[in-house]
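What follows is a short report on a single structure.
Only the coordinates and a few stated rules stand behind these numbers; no lab work does. Since the model is a prediction, treat every value here as computed from it, not as a measurement. With ideal geometry, Cβ positions are generated from the backbone for all residues, glycine too; neighbour counts draw on all protein chains shown.
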Amino acid sequence: MLAAAVCLLAFAQSCSSTKHVPKDKTLLDKVKINIEDGHGLIKPSELTGYLRQNENHKVLGGLKLQLALYNISGRDSSNWFNKWIRRVGAPPVIYDSTLTIASANQLRMALTNRGYMKNNVTYVVKQDSAARKTSVTYNLRLNEPYYVSSISYNIHNDTLRNAILADSAEFPIKVNSVFDHNKLDKERILITENLRNKGYYAFNKENITFTADTAAGSRAVDLTLNTLPPQKNEHMPYYERHKPFYVRNLTFVTNYDPVAMQNGHYFATDTVTYHNFTVFYGKEHYIRRRVLEECCHIEPGKRYSASDVNRTYQAFGRQGIIKFVNIDIQPVGEVDGKFLLDVYVLLTRDKSQSFSTSLEGTNSEGDLGFGIGLDYQHRNLLGGSELLNTKFKMSYESLSGNLGGLINNNYSEYSGEVGITYPKFKAPFLKSDFKKKIQASTEFAVNFNYQERPEYTRILAGAGWKYIWSERQNLTRHTFNLIDLNYVYLPKSRYNFLDSITNPLLRYSYEDHFIMRMGYSFYHTNKLSATPMESRLQPNIYTVRASAETAGNLLYAISNMVGQKRDAGDAFKVFGIRYSQYFKINGDYAFTHNFNSRSSISVHAGAGLIVPYGNSSVAPFEKRFYAGGANGVRGWGIRTLGPGSFNASNSQNSFIYQCGDIRMDANIEYRAKLFWVLEMAAFLDAGNIWTIRDYEDQPGGKFELTKFYKQFATAYGIGLRLDFTYFLLRFDLGMKAHNPASGQERWPLVNPRFSRDAEFHFSVGYPF
């Protein structure tokens, strides 16, 4: 269907690309940038943003689908269909010679800013009168760039000079580097940020200028950095010198309302002095003074620091009871040779409680179901912005298969969770300065899950204590599970469910067991938030995810210390229940290269390993790896691939056996925005899972160095996505290319069969 739609639009484009172009005008059909003598230092793609007029966007190598869609509309602009189709598509770009001249000038300026002072920009315009189309080619000759031969500093204030040069190793401009004007601006911003973190509140980047001196006929630039005095202000004459500022008074306004301000003064029902700051309360003391102190990194008597201000914003932003936060900084003059500031932290309260319901439908590999959820939140449980979160969910699913009579027609599940999150690091014996610095959240939670399947009744219960904290604008996040308890209980087994599992190791995965684990997970990305400062397209984005966890070590040590006897299965028990002992690591890396704002290519690689030991001979079923599905090798359904060359088609209970201890997978995906919210993708997937031991009921599943690379499953396919900005709906069609399962078609790529090799997936968000 997607291919047919694309072909139809392509035909529409070829037939009527100039349908809505006025008769005395031409369509801007092609725009090209050629670079001569660039030495590969500048690519044409880096300069397209300077063009004042570009052709209609192309996809799939040359199809202008948005233009084609626009051309489907009729000439009656009042017709509702024509209005909608024009809004979704894109009108033709009418060639404008004045914009071509402006584009050439912008390219010259851009090259000059990059250090190519003696550049030459020309353009060639070709018009096809019969086709009513115009193409423009910009020819850029760069010659040799200018370079920085020396750097000097004209800073008359010795204190300021020392403060600036202390960070000179971080400066982007270096001797013998290309004389790039963009780097000059980056250096101004960097110096300003560093100085404002050292107390220089009145300093801004306009106080820094550069002087460039070149000898006649030379490309060498002698660069001088100059500092200018602050702009004079009749109300603040003390700004005339660059000196550090100090915080005099710190005041919290807990019920800030700009409408209720009286003559520019902050209103307070009650005023309280605590330690070295003042609190203006409204009618209710809804937040404790201790919490205000812990969240604020600005301290009276200390030098002003912009980073302390930002950390204060971040800390209060994590308080659920705080809706808005603003920090008002007021210079008050010079006292005893010091420039002083008064700081007001303005807080607006949010609602304390909320209640929500949710209804969802599911389609899990053809099994239809629905779920009902109830959520309750209290954002200020104990007056310290503690978040109480309670959840209850009921789900029902109609199962489509019978798997030899084992499964009949339904699956129901009831789950509940109660958790409390403290917006600070809760731990005994730690100094308050450390807790304040790390800015972690502490979460305590208990959960309960009841599963009713035709073949068994299963109960899962758990409790946890973990810390979550982030760094550098949330680019890096850490999660440390200090303790995580999980209890699996199987009170009922029907249809000889357990007896049907002949492999005792897999049987153990479904029998009663207890997991006491500790773990750490790490997330890091270089993806920047969309701010005016970072409005340009980020060409390369990467994401790293890694985790490690271990379970049962403390219990195993205690069992040995007290001389506990092992059961018949040579395992220790706690409260009559066998506990698991294992070590697990998992990691993923994803990289995206954006060709432009509308097309990109993404690659992903991941691997994982779980090793049972000590008290366990097999890892818990819920902790093992599986392959296939919407986020794996998309030629297979979820939990239908592997392990190794294992063929599950002859197994009644294949879902039990298609799990492993090792995973490896890799993906590559090309993404292109079509029109409106539509986005297409083409992908290649590869991967599989393996076991670390040779299990009788999983023949061919063991990882072997001489065979594993031959057992990678591969798939290819296309996808259609609906990008609504806040969320993305994904539809992927995957086809098997190489199938490692023994007894099945090894190379479906050569001999494809849609009914056998195709798998359709629906999901939310990108696969990686």
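State the extension gain, in nm to one decimal, for the chain segment bounded by LEU228 and GLU452, taking 0.36 nm per residue of separation less the distance between their alpha-carbons.
Answer, rounded to one decimal: 73.2 nm.
Please work out the FRET efficiency for the pair PHE762 and TYR726, using the Cβ-Cβ distance as r and a Förster radius of 25 Å; give the result to the nearest 0.05.
Here the calculated transfer efficiency is 0.85.
How high is the relative contact order of region 670-768, given as a whole-number percent (alpha carbon pairs under 8 Å, six or more residues apart)?
23 percent
Please give the peptides 666-674, 537-545 ranked by average Cβ packing (other Cβ atoms within 10 Å per residue), highest first, as a rough proxy for protection.
In descending order of packing, they fall as 666-674, 537-545.
Would you mind computing, in nm to one decimal, how far apart the modelled labels at TYR709 and GLN473 are, each placed 7 Å from Cα along Cα→Cβ?
Calculated label separation equals 4.1 nm.
If you count, for each residue, the other Cβ atoms within 10 Å and average over each peptide, how do 322-329, 598-605, 636-643 line up from highest to lowest?
Most protected by this proxy first, the peptides run 636-643, 598-605, 322-329.
Picking from ASN182, TYR147, SER168, whose Cα lies most toward the positive end of the charge dipole for region 137-193 (charges on Cβ: Lys, Arg +1; Asp, Glu -1)?
Positive-end residue among those listed: TYR147.
With a 10 Å Cβ neighbour count serving as the proxy for reagent exposure, in which order, fewest first, do LEU292, LEU609, LEU485 appear?
In increasing order of surrounding Cβ atoms, one gets LEU485, LEU609, LEU292.
So if we plug the beta-carbon distance of SER412 and ALA546 into 1/(1 + (r/R0)^6) with R0 = 35 Å, what FRET efficiency do we get, rounded to 0.05? Walk me through the numbers before you get to the answer.
Working: r = 36 Å, r/R0 = 1.03.
The value I calculate is 0.45.
Can you give me the relative contact order of the chain as a percent, contacts being Cα pairs under 8 Å and 6 or more apart? All intermediate terms of the calculation are to be shown ahead of the outcome.
On the way: 1704 pairs, mean separation 44.2, N = 768.
RCO, the chain: 6 percent.
Kirkwood hydrodynamic radius of the chain from all distinct Cα pairs, in Å?
When all Cα pairs of the chain are included, the Kirkwood radius is 32.1 Å.
Test of understanding: ordering CYS659, CYS295 by Cβ neighbours within 10 Å, fewest first, what list do you get?
Ranked by crowding around the Cβ, least crowded first: CYS659, CYS295.
Across region 147-240, what fraction of all alpha-carbon pairs, as a whole percent, falls in each successive 5 Å bin from zero upward?
Pairs per bin, as whole percents: 3, 13, 23, 24, 16, 10, 6, 3, 2, 0.
Expressed in nm to one decimal, what extension gain is obtained for the pair ARG290 and ASP570 from 0.36 nm per residue of sequence separation less their Cα-Cα distance?
95.5 nm
So for the pair LYS205, ILE329, with labels modelled 7 Å out along Cα→Cβ, what separation do we get in nm?
Result: 1.7 nm between the two label points.
Which net charge results for the neighbourhood of ILE287, defined as the other residues with beta-carbon distances under 15 angstrom from its beta-carbon, given Lys and Arg at +1 and Asp and Glu at -1? List each step's numbers first, then the result.
Values: positive: LYS283, ARG288, ARG289, ARG290, ARG318, LYS323, ARG349, LYS351, ARG379, LYS424; negative: ASP270, GLU284, GLU293, GLU294, ASP350, GLU386.
In short, +4.
Which ordering of GLU455, GLU745 is given by a fewest-first count of other beta-carbon atoms within 10 Å?
Starting with the residue having the fewest Cβ neighbours, the order is GLU745, GLU455.
So, R0 is 30 Å and r is the distance between the beta-carbons of SER97 and ALA216; what FRET efficiency does that work out to, to 0.05?
Numbers: r = 37 Å, r/R0 = 1.23.
For R0 = 30 Å, the calculated efficiency reads 0.20.
With an 8 Å Cα cut-off and a minimum separation of 6 or more residues, compute the relative contact order for region 147-240 in percent.
In percent, rounded to a whole number, it is 34.
Can you give the net charge of the other residues whose Cβ lies under 12 Å from the Cβ of ASP723, counting K and R as +1 and D and E as -1?
+4
Note down the nm distance, to one decimal, between modelled labels 7 Å out along Cα→Cβ at ARG52 and at VAL603.
Placing both labels 7 Å along Cα→Cβ, they lie 4.0 nm apart.
Filter the trypsin sites (Lys or Arg not before Pro) in region 701-730 down to the DSSP loop ones having no more than 14 other Cβ atoms within 10 Å, then list what survives.
Working: sites: LYS702, LYS707, LYS710, ARG721, ARG730; in loops: LYS707.
Listed in order of number, the matching sites are LYS707.
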